[in-house]
Amino acid sequence: MPLAIEIFSIIAAIALIVQVGILIGLFLQLKRTTESINRMVDDLHTRIGPILTRTQILLDDTQPKIATLVDDAAHVVYLARAQAQKMDKVFTEASDRLRGQLVRADRILTGTLEAVEDAGTQVRRSFLGPVQKVSAVVQGIKVGLDFLRARRGHTQRDTIESLEQEDELFI
């Protein structure tokens with residue numbers, strides 16, 4: 001058994017040496033990787049540092065301007081809202097006035113049309129009525145004269161036919 005323990009101890013020692021070698025290799029590789037990452041971080045820091053500084057300066061310079069711009073925009077919106085309310089009021093008043101003027105114009109036109117219609121009716125009554133009466137009187141005189149003439153020379157039949165013709169012409 002002592003030989004088995006010796007072989008086991010030798011194998012364990014070799015395994016330990018291999019593990020130590022692997023650990024040393026890992027340590028060296030980790031050290032190189034860490035150094036490489038540190039160099040990249042330093043390089044990145046040197047490149048980004050000025051950019052961040054400029055950005056900070058730019059933000060510091062523009063922050064008051066942006067605040068002023070926002071305040072001005074809020075004031076413009078306030079003024080625009082007030083003007084819109086005034087315009088709404090003006091347009092509402094104008095439309096109310098226009099509506100009133102349209103109602104007034106409608107009343108005037110209606111009254112004028114009624115007056116014209118009444119005047120036309122009066123003209124018809126005053127002028128056409130007497131004209132028809134005078135025409136009827138003239139027709140009656142004509143018929144009477146024709147009747148007297150017809151008595152002298154014509155027969156009664158001719159007189160009736162001429163009266164009918166004149167009546168047809170009168171209509």
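The values are calculated or read from the model by the stated rules, or taken from the named source; none is laboratory data. All figures in this text were calculated on a predicted structure; none of them were measured in a lab. All Cβ positions, even for glycine, are placed from backbone atoms using ideal geometry, and neighbour counts span all protein chains on display.
Would you be able to say whether some residue in the range 43-51 is hydroxyl-bearing (Ser, Thr, Tyr), free of Cβ contacts under 8 Å to residues at least 40 places away in the same chain and surrounded by 10 or more Cβ atoms within 10 Å (Cβ to Cβ)? So far as the range 43-51 goes, no, none of its residues is hydroxyl-bearing (Ser, Thr, Tyr), free of Cβ contacts under 8 Å to residues at least 40 places away in the same chain and surrounded by 10 or more Cβ atoms within 10 Å (Cβ to Cβ). Of the numbered criteria (1) modelled with pLDDT under 80; (2) over 59 Å from the mean Cα position of the chain (by Cα), the one LEU145 fails is (1). Take the conditions surrounded by 10 or more Cβ atoms within 10 Å (Cβ to Cβ), assigned to a helix (DSSP H, G or I), of a type outside the set (Lys, Arg) and at pLDDT 90 or above and apply them to GLN63. Does it pass? Taking the combined requirement at face value, the residue does not satisfy it.
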